[in-house]
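Q: Dropping the structure in here first, questions after.
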């Protein structure tokens with residue numbers, strides 16, 4: 001596995017306890033985002049290093065999550081139906097920022113939009129949805145900190161799935177190993193990907209998307 005890991009308890013000291021932050025595994029100019037799929041879609045993705053195949057649809061919205069434990073909460077550590085295989089998708093940070101730049105919040109918030117008409121216009125024209133949701137600990141408990149997830153559709157999704165992925169890595173075995181530790185009550189031994197706050201240098205982009213810090 002290319003992803004570097006560390007002890008979960010040790011990792012907590014590097015992360016903020018509250019606020020809206022992009023927390024992700026990063027190496028050089030790359031960042032990792034996660035998705036969980038059924039075996040058919042995942043096998044095609046790993047074998048071909050693109051998203052596609054007969055079981056995959058580019059006509060739907062597809063959500064990416066840079067935060068490992070938020071992905072684990074969402075897919076039930078790979079035990080939810082049609083989310084049995086967990087994939088780590090490596091992309092350039094510039095690609096991630098491009099996705100952010102094309103994002104609109106999935107629900108109206110006057111803090112980020114002049115009025116509802118402005119928000120509705122962006123909702124109708126942009127192909128990326130942004131949500132801030134409560135982050136979760138390994139047991140699935142909500143945290144004060146909020147995690148980002150981004151939904152892609154249309155041309156943005158096709159560009160992402162076919163042209164912007166540097167590596168698709170199947171981390172299902174790692175996920176299962178960590179879930180087994182949790183089930184046995186060995187949370188002190190739990191490992192997670194090394195994740196830190198991803199700094200976005202563009203102040204306008206940070207303000208538009210609600211990134212704090």
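Q: What whole-number value in cubic angstrom gives the convex hull volume per residue for the C-alpha atoms of segment 104-176?
A: Per residue, the Cα convex hull of segment 104-176 comes to 123 Å³.
Q: Say each of residue 92 and residue 212 gets a label point 7 Å from the Cα, pointing the same way as Cα to Cβ; how far apart are those two points in nm?
A: Calculated label separation equals 3.2 nm.
Q: With only alpha-carbon atoms counted, please give the Rg and Dmax of segment 5-209, in Å.
A: Just the Cα atoms of segment 5-209 yield Rg and Dmax of 16.9, 52 Å.
Q: Related question: Subtracting the Cα-Cα distance from 0.36 nm times the residue separation, let me have the gained length for residue 205 to residue 184 in nm, one decimal.
A: Difference between extended and current length: 3.3 nm.
Q: Still on this structure: Given the peptides 85-97, 110-122, arrange them by the average over their residues of other C-beta atoms within 10 Å, most packed first.
A: Packing proxy ranking, top to bottom: 85-97, 110-122.
Q: Next question. In nanometres, what is the gap between the two model label sites at residue 109 and residue 60, each 7 Å from Cα along Cα-to-Cβ?
A: In this crude label model, residue 109 to residue 60 measures out at 2.7 nm.
Q: Kindly state, to the nearest 0.05, the FRET efficiency for residue 163 paired with residue 125, given R0 = 30 Å and r defined as their beta-carbon distance.
A: E between residue 163 and residue 125, to the nearest 0.05, is 0.85.
Q: A follow-up question, please. Fully extended, how many nm does the chain gain between residue 177 and residue 137 (0.36 nm per residue separation, minus their Cα-Cα distance)?
A: Going from the current span to full extension adds 12.7 nm.
Where a number appears in this text, it was derived from the coordinates with a stated rule and is not lab data. If you're wondering where the values come from, they're calculated on a predicted model, not measured in any experiment. Using ideal geometry, Cβ is built from the backbone for each residue, glycine included, and neighbour counts are taken over all protein chains shown.
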